[in-house]
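Asks: Mind looking over this structure? Questions follow.
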Amino acid sequence: MSSKSLATPFIRHVTSRGYAQTAPVAKKEPRLQTSVLPNKTFVAALDNGSPVTRLTIAFKAGSRYEPQTELGLAHVLRSAAGLSTKNSSAYMIRRQLTQIGASFTASGDREFIYYTVEATQDNLKTALEYLNKIVSNQEFRPWELTDNLPRLRYDIAALPPQVRAVDLLHKAAYRRGLGNSLFIAPKKIGKISSESLQHFASNNLVPNRCAIALIGDNQDTACLLADSLQLSSLVQESKSDTTTYYGGELRKEMGGDLAHVALALQGAPASIPQSLALAVAARALGCGPVTKWGANNSPVAKAIGNIGPFAAAGFNVSYSDSGLFGVVLSVPKDEANAAVKAVANLLKQPLSADAIKAGKNQLKLQVLAEAEDGTSLVESLAAQGLFTGSAKSPLDIAREIDQLSTNDVSQAMANASRSKLSMGSAGNLVFVPFVDEL
C-alpha cells in the first residue's frame, strides 16, 4: 500500500515552510521624480528596481507640425532613426547596440516622436551613449534616405484597414494639423529631400520641445543625458495656433467583404479631467469579449445586435488642444448600414451606472497592465511631460479613475454629444451610410 506522504510533492512542503518562516516585507511604492531643466527640457524618472532600464527621448515633432507643403516629414523622420549622424555611422550604431544586447525603437503619433532604448543595468552607459548619437546631429544623408524608401513602402502596404479608417477620421475631423496623416502618401515617397528633413529636425528637435523619461534608474542619470544632448541651439517658441474641430467624412473604397468604419465626436484635451472621464466611457462602450470565444455583452455589441461576425471597440484619444471619442467597427458589408447607424445613435446616449462601473475597472486594469510593459510606461511619462509639464504614476492615475463618479462620465459624454459627428471608412463601402444620414 502506498504511503500518503507521497500524495503531495515534497517541493511543495519546502516552499510552504519557507514562506511560513519568512517575515513579511513591506512593499515600497516607487517614487516618480520630475523636474524641468533650465533649458526647458522635462525630465522624469521612476526607479522601480527593474534589471532592465528603459529611456525615452520625446519631442514635439509629430505629424501635426508638418508644413502643408511637406506632408509626410514626420513619417520619414522616425523611419530614418538609426541612420548615420555626425557622431557615428549607421553600421557602428547597429553593431554596438547588438554587442551589448540593447534594443532601440523609434515611434510617433500626431503630437510627438519617441526615441526609446532598452538595456540591462550593466550596459546602460553604452546604450545611452549611442541613444545620444542617434538623436543628436542627425545628417539625413541622401543616399541613405534613398536606401530607406522600401521601408516606407512596406509601412504603407502593411497598414490594417482599421488604421486607415482612423487616419481618415482625423483628416475629416480636423482637416489640417491633427488631421495630417501619420503616414506619408505613396506619391510623396522619395520626394522628401534631405534639406527639408534637416530643417524640420532643427526646428522641432530642440531642448524646449523635449522630454526625457527613465524607468529603472534615478533622475540624475536622466539629467546627465539631457545635459549631454547635442541638439539644435534654435529656441523654438511654442506654437499658439490650435487645431479646429470641423467634423466631416472621408471614405476610401478598397473592396473586400468587410466595411471598416471609425465614428467619433469631439473629445477633450489631455490636460483636463474630462479626458479621463471619456477614457472610462470608451472602455464602458466595450472592447470585445473578455473571454476567449465568449459572448460580447458590451453596450456597443448589444446596440449592433446579431448580425454575424463583427468587431467593435470604443476609443478615446486626447491631444494638447482637442480629442476624439468614438467607436471603431468592422462589419460584413451587407450589414454596415444598420450597424453604423446603431453605433452613431449609441454615442449620443447616456450609459448605465453598471456599464460605467465596468468601464472604470477595465480602464484601471489597462493602465496598470501597461505599466508592466516598461516601453509603454516610459513613453507615457514623456508624453505627459510634454502635454502638461508634469507626470503621474500609473497608481496615481488609477486613484483618479476611482474618484470619478458616474455623473462625471455622463457629463463628459453629454458634452461630447453636442459636437458634430465625424466618420472615416475603408473597405467595401457600398452599404455604409454617409455621415449626414446618421
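Asks: Taking the Cα centre of region 32-228 as origin and charging only Cβ (+1 Lys, Arg; -1 Asp, Glu), how large is the dipole, in debye to the nearest 20?
Replies: 800 debye
Asks: Shifting gears a bit: Would you please classify the overall shape of region 32-228 from the alpha carbon gyration tensor, given that a ≥ b ≥ c denote the square roots of the eigenvalues, rounded means a/c under 1.5, and beyond that prolate means a/b larger than b/c while oblate covers the rest?
Replies: Prolate shape, in that a/c is at least 1.5 and a/b is the bigger ratio.
Asks: Shifting gears a bit: For a 30 Å ceiling on Cα separation, which of these pairs sit above it: 187/420; 40/348; 60/392; 60/171; 60/420?
Replies: In this structure, 187/420; 40/348 exceed 30 Å between Cα atoms.
Asks: What number, in percent, do you get for the relative contact order of the chain if the mean sequence gap of Cα pairs under 8 Å and at least 6 apart is divided by its residue count?
Replies: So the answer I get is 21 percent.
Asks: So which lysines pass the test for residue 292, namely a Cα distance under 26 Å, with those fewer than 8 places away in the same chain ruled out?
Replies: Cα-Cα hits under 26 Å: 302, 333, 357, 360, 364.
Asks: Just 311, 158, 412 to compare: in a GNM of the chain, with alpha carbon springs under 10 Å, which one fluctuates most?
Replies: For the chain, modelled as a Gaussian network with Cα springs under 10 Å, the answer is 158.
Asks: While we're here: Which aspartates and glutamates, on any chain, are close to residue 86 with Cα under 19 Å apart, when same-chain ones fewer than 8 places away are left out?
Replies: 129, 139, 144, 147, 195, 227
Asks: So what is the 222 nm mean residue ellipticity for the chain from helices alone, if each DSSP H run of at least 4 adds -39500 (n - 2.57) and you divide by all residues, rounding to the nearest 500 deg cm²/dmol?
Replies: Rounded to the nearest 500, the figure is -12500 deg cm²/dmol.
Asks: If you don't mind, there's one more thing I want to ask. Let me test this: with uniform point scatterers at the alpha carbons of the chain, what is the Debye-based log₁₀ I(q)/I(0) at q = 0.13 1/Å?
Replies: Calculated log10 I(q)/I(0) at the listed q: -1.22.
Asks: Got a sec? Charge dipole of the chain, +1 on Cβ for Lys and Arg, -1 for Asp and Glu; which of 214, 314, 56 is way out at the positive end?
Replies: 314
Asks: Next up: Rounded if a/c is under 1.5, else prolate if a/b is larger than b/c, else oblate: which is region 248-437, with a ≥ b ≥ c the root eigenvalues of its Cα gyration tensor?
Replies: Note, shape of region 248-437 comes out prolate.
Asks: Now, a different point. Dipole of the chain, Cα-centred, from +1 at each Lys and Arg C-beta and -1 at each Asp and Glu C-beta, to the nearest 20 debye?
Replies: 480 debye
Bear in mind that the values in this text are calculations on the coordinates, not laboratory data. In this text the structure is predicted, and so the values were computed from the model without any measurement. Every residue, glycine among them, receives a Cβ derived from its backbone with ideal geometry; neighbour counts consider all protein chains shown.
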